[in-house]
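Undergrad: Would you mind keeping the following structure in view while I ask a few things?
The values are calculated or read from the model by the stated rules, or taken from the named source; none is laboratory data. Because the structure is predicted, anything quoted here is derived from the model rather than measured. Here Cβ is always computed from backbone atoms with ideal geometry, including for glycine, and neighbour counts include all displayed protein chains.
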Amino acid sequence: MKSVWRILQWFLVAWGLACLFAAVALGGFVLYCVGMRNVARVDSADKEDVAFVLTSCALGHRQIKDVVHSYQSARSLTGDHLDAYAVRVSRLDPADLTGGLTEEMFESGWFRCDQVDGVLRDAIDFAIAFSHRNAISWFPREEELRSDEMYVYPVSIHCRGTRPRAVVLAFLRPRDKMIYYMSAKV
C-alpha cells in the first residue's frame with residue numbers, strides 16, 4: 001500500500017509541475033501577444049532608426065534627408081512580420097548604383113526591376129503581395145515595382161525549397177531620390 005501511495009505522490013507532484021509550467025508558458029504567451037512592446041508602430045521611425053536601410057544597400061546613411069513613412073508590425077512567436085520604410089535621400093548619384101562596391105564587401109548589387117528573373121523576381125512577387133496592405137498604402141504598387149524606373153537591392157532572400165518565405169529588399173526610385181525598404185516574413 002505504501003508503494004502505491006508513493007507512486008501517487010510522485011504522480012501528483014509531476015502533474016503539479018507540468019500544470020505550473022503550462023501556466024507560466026501560457027502567461028508568457030499572453031504577455032508577449034498583448035504586451036505593450038509588441039504592437040505595430042506607424043510613422044514613428046526617425047533618421048537614426050532607418051540608418052541601417054542605406055547602410056545595408058551600400059549607399060551610406062549620412063545622406064538621409066527624412067523618413068517619409070515607416071511601418072513596423074507586431075511580431076508573432078515565429079518571427080512573422082512586415083517592416084517597411086520610405087526614406088528620402090539628399091543625394092543620389094547614378095554611379096552609386098553600380099560603382100564603388102567590391103565583391104568582397106557585398107555579394108549583391110542594384111538591379112533594374114524590369115530586368116530581374118529567377119529567385120529575385122520571386123522575391124519581388126513576395127514583396128508585392130505585402131504591398132497591397134492598407135498599413136503601407138504608400139509603398140509602390142506592382143506596376144511601379146516592375147518598371148524600368150525602379151531598382152532593387154536584395155539584402156536577403158530566404159527560401160523554403162525554391163519559394164521565398166522571407167525577404168529583405170531595398171527599392172530605389174532615382175527620379176525623386178526615394179528608397180523603399182521592406183522586410184517581410186511568413
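Undergrad: With respect to Leu54, is the statement that it is farther than 25 Å from Asp80 by Cα and either part of a loop (DSSP other than H, G, I, E, B) or modelled with pLDDT of 80 or more (or both) true?
TA: Numbers: farther than 25 Å from Asp80 by Cα: no; either part of a loop (DSSP other than H, G, I, E, B) or modelled with pLDDT of 80 or more (or both): yes.
No, not satisfied.
Undergrad: Okay, next question. Just checking, which of Pro154, Pro140 is part of a loop (DSSP other than H, G, I, E, B), at pLDDT 90 or above and assigned by TED's automatic domain parsing to the domain that holds Thr55?
TA: Numbers: Pro154 fails: part of a loop (DSSP other than H, G, I, E, B).
Result: Pro140 is the single residue among Pro154, Pro140 that is part of a loop (DSSP other than H, G, I, E, B), at pLDDT 90 or above and assigned by TED's automatic domain parsing to the domain that holds Thr55.
Undergrad: Among the candidates Val30, Val13, Val68, Val24, single out the residue that is at pLDDT below 75 and either under 30 Å from Ser131 (Cβ atoms) or exposed (fewer than 11 other Cβ atoms within 10 Å of the Cβ) (or both). It would help to see each step written out before you state the result.
TA: Numbers: Val13 fails: at pLDDT below 75; Val68 fails: at pLDDT below 75; Val24 fails: at pLDDT below 75.
Answer to the selection: Val30.
Undergrad: Considering every residue within the range 113-132, establish whether at least one is closer than 14 Å to Ile179 by Cα and either modelled with pLDDT of 90 or more or not small (Gly, Ala, Ser) (or both).
TA: First pass over the range 113-132, keeping only residues closer than 14 Å to Ile179 by Cα: 113.
This time we only want the ones that are either modelled with pLDDT of 90 or more or not small (Gly, Ala, Ser) (or both), so: 113.
Yes, the range 113-132 contains a residue that is closer than 14 Å to Ile179 by Cα and either modelled with pLDDT of 90 or more or not small (Gly, Ala, Ser) (or both).
Undergrad: Any residue at all in the range 44-51 that's exposed (fewer than 12 other Cβ atoms within 10 Å of the Cβ), at pLDDT below 75, not charged (D, E, K, R) and not in a helix (DSSP H, G or I)?
TA: For the range 44-51, residues exposed (fewer than 12 other Cβ atoms within 10 Å of the Cβ), at pLDDT below 75, not charged (D, E, K, R) and not in a helix (DSSP H, G or I): absent.
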